[in-house]
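Step one of this worksheet: look at the structure below.
Nothing in this text is a laboratory measurement; each read-out follows from the coordinates by a stated rule. Here the structure is a predicted model, which is why all the values come from computation and not from measurement. Cβ placement follows ideal geometry from the backbone for every residue including glycine, while neighbour counts extend to all protein chains displayed.
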There are 2 protein chains.
Amino acid sequence: MTVKHAVDVEANDVLNAKDTKIQVLISSREGPNFALRKFSMQRDGGMPRHTNTVEHEQYVLRGEASITIGEEIHHVKAGDVVFIPEGVVHSYQNTGEEPFEFLCIIPNKDDKVTVVDASC
Amino acid sequence: MTVKHAVDVEANDVLNAKDTKIQVLISSREGPNFALRKFSMQRDGGMPRHTNTVEHEQYVLRGEASITIGEEIHHVKAGDVVFIPEGVVHSYQNTGEEPFEFLCIIPNKDDKVTVVDASC
């Protein structure tokens with residue numbers, strides 16, 4: 001691939017999340033070192049407290065949300081940048097009236113997801 | 001770092017480019033595997049034909065541009081996704097009325113930039 005439009009990329013439900021879709025914009029097969037994904041969380045959607053075995057680098061495209069990272073709670077909106085180290089418990093809750101959309105980049109390494117608390 | 005707002009990140013001129021700034025949103029010191037940068041190219045701005053020794057994964061945030069990748073010319077706009085393999089000649093020209101803004105992620109490896117043709 002060289003160029004594609006995000007709306008043309010298949011969207012799939014995110015396991016263990018509420019009203020949240022993922023699009024793999026550039027997969028680990030296309031990019032040699034990392035994958036670029038877009039998450040879209042509908043109003044009242046969220047993802048429960050969980051850990052990943054890889055870090056996340058994120059950029060908020062639209063909307064607003066509350067994100068917990070470890071013991072901290074952050075209120076984020078479009079233009080905010082988020083770094084979640086590997087292994088740190090985190091969660092998301094859309095707190096706005098519109099969809100909460102963000103990019104999330106992860107390295108091409110095995111990512112094991114462990115849900116800590118199934119409630120969003 | 002965990003959360004920061006993109007507008008608070010220092011913007012620096014891009015060498016060899018016209019009216020283009022770069023902000024390193026998550027640096028190679030902050031992220032263990034890759035760096036997240038934001039480029040802002042003013043109206044009529046651009047970057048000449050050049051190569052990098054690392055690949056680029058990009059997401060267009062705003063505006064429109066003409067991007068050459070190898071022998072191909074692509075017209076891109078907000079929501080488009082761009083992959084530029086390492087070593088492939090590429091260039092950018094803002095073709096719209098507003099700033100052209102995009103995210104560009106690169107791996108934490110030495111990036112040698114070679115300008116092939118200094119005209120944008």
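The local environment of B:LEU103, defined by Cβ-Cβ distances under 12 Å, has a net charge of 0 under the rule Lys, Arg +1 and Asp, Glu -1. Counted by Cβ distance under 15 Å from A:ILE26, the other residues give a net charge of -4, where Lys and Arg count +1 and Asp and Glu count -1. Summing Cβ point charges (Lys, Arg +1; Asp, Glu -1) relative to the Cα centre of the range B:6-111 gives a dipole of roughly 100 debye.
Take the Cα of A:ASP117, step 7 Å toward its Cβ, do the same at A:ASP19, and the gap between the two points is 2.1 nm. Inter-copy label distances at A:SER28, using a point 7 Å along Cα-to-Cβ, come to 2.3 nm with the shortest given first. Classified by the C-alpha gyration tensor, chain B has an oblate form. Its axis ratio a/c, with a ≥ b ≥ c, is 1.5 or above, and a/b does not exceed b/c.
Taking the centroid of alpha carbons for each part, the range A:1-56 and the range B:69-103 are 22 Å apart. In order along the range A:31-38, the phi-based Karplus estimate (6.51 cos²θ - 1.76 cosθ + 1.60, θ = phi - 60°) of 3J(HN,Hα) comes to x, x, 10, 7, 10, 10, 10, 10 Hz; Gly and Pro are listed as x.
Computed from backbone phi, the HN-Hα couplings of the range B:78-95 come to 3, x, 7, 10, 10, 10, 10, x, 4, x, 8, 5, 8, 8, 9, 9, 5, 10 Hz, rounded to whole numbers (Karplus: 6.51 cos²θ - 1.76 cosθ + 1.60, θ = phi - 60°; Gly and Pro given as x). What shape does the protein assembly as shown have by the C-alpha gyration tensor, where a ≥ b ≥ c are the square roots of the eigenvalues, rounded means a/c under 1.5, and otherwise prolate means a/b greater than b/c and oblate the rest? Since a/c reaches 1.5 and a/b is larger than b/c, the shape of the protein assembly as shown is classed as prolate. By other beta-carbon atoms within 10 Å, ranking A:LEU103, B:LEU61 with the fewest at the front produces B:LEU61, A:LEU103. Mind listing the label-point distances from A:ASP8 to the same position on all other copies, shortest first, one decimal in nm, points 7 Å along Cα→Cβ? Once sorted, the set of distances for A:ASP8 reads 3.8 nm. For A:VAL3, the residues 5 or more places off, or on other chains, whose built amide H falls under 5 Å of its own are B:PHE83. Straight-line reach only, C-alpha to C-alpha below 13 angstrom: list the aspartates and glutamates that A:LYS4 could link to, leaving out same-chain residues fewer than 8 apart. Result set, ordered by chain and number: A:GLU30, B:GLU57, B:ASP80. Taking the Cβ of A:HIS5 as the centre, find all other residues whose Cβ is under 9 Å away and add up their charges (Lys, Arg: +1; Asp, Glu: -1). After counting each charged neighbour, the total is 0. In straight-distance terms, cross-link reach from A:LYS21 covers every one of the lysines whose alpha-carbon lies under 16 Å from its own, apart from those fewer than eight places away in the same chain; here that gives A:LYS38. Here the Gaussian network model covers chain B, with springs between Cα atoms less than 10 Å apart; of B:PRO48, B:PRO85, B:PRO32, B:PRO32 fluctuates the most.
With its label point defined 7 Å out from Cα along the Cα-to-Cβ axis, A:GLU97 lies at 2.8 nm from the matching points of the other copies, in increasing order.
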